[in-house]
1. State yes or no: is SER96 closer than 26 Å to VAL132 by Cβ and among the hydroxyl-bearing types (Ser, Thr, Tyr)?
2. For the stretch 142-157, what are the residues that are part of a helix (DSSP H, G or I) and either more than 12 Å from LEU42 (Cα to Cα) or among the small types (Gly, Ala, Ser) (or both)?
3. Of all helices (runs of 4 or more DSSP H) completely enclosed by the stretch 1-100, which ones contain at least 2 residues that are within 28 Å of ASN150 (Cα to Cα)?
4. Among the numbered criteria (1) outside any loop (DSSP other than H, G, I, E, B); (2) in contact with a Lys or Arg (Cβ under 9 Å, 6 or more places away or on another chain), which single criterion is violated by GLU122?
5. Please go through the stretch 101-116 and pick out each residue that is over 16 Å from the mean Cα position of the chain (by Cα), under 25 Å from ILE7 (Cβ atoms) and of a type outside the set (D, E, K, R).
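What follows draws every value from the coordinates through simple rules; no lab data is involved. Source: prediction; values computed, not measured. Note: ideal-geometry Cβ built from the backbone for every residue, glycine included; neighbour counts use all protein chains shown.
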Amino acid sequence: MATALFISTTDLKKNSIIDGNVDIDKMIQFVKVAQQIDIQNLLGTDLYNKISADIIADSLTGNYLTLVNTYVQPALIWFAQMNYIPFAAYTITNKSVLKHSSETAQNVDKNEVDYLVSKAREYANYYSTRLVDYLCFNNNLFPEYLSNTNEDISPDTDTTFNGWVL
């Protein structure tokens, strides 16, 4: 079954810190992961599946199109970056795990990577809160938002959890 992406790679590159020359094959799986985990968790299974089906059928219109373009895509762009950044410098081959470097650039250390991930998470959380608020205030426009049952993922309406502090 085909996976409908809620953003294009052009959207991702134009609205993020990801360079336009980045090989899409190296990052597309992080868009899928962010969409399937983070976005589905916010939308719930039924609304997620409705949007996916409409994208595949090229019939995404009206309130659903507004939801995706205005609220889902900005969150997905930042979740995808958050997931991609820790892996961006690595490639796994048959012989080893390789870390890329450049003669004209300097590799960043782990603290800098962690900072970038933290900032991407901060932006993703901001857009997630906007998405959830919009859905809660307009749930009458999206009947699938509250129709999840059994093994479906029910939408997470609490976007304030940022991890444990010990």
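1. For SER96, the condition - closer than 26 Å to VAL132 by Cβ and among the hydroxyl-bearing types (Ser, Thr, Tyr) - is not met.
2. Listed by number, the residues that qualify are PRO143, GLU144.
3. Here the list reads 24-33, 40-43, 45-56, 62-66, 73-84.
4. So GLU122 meets the others, but not (2).
5. Hits for the stretch 101-116 are VAL113, TYR115.
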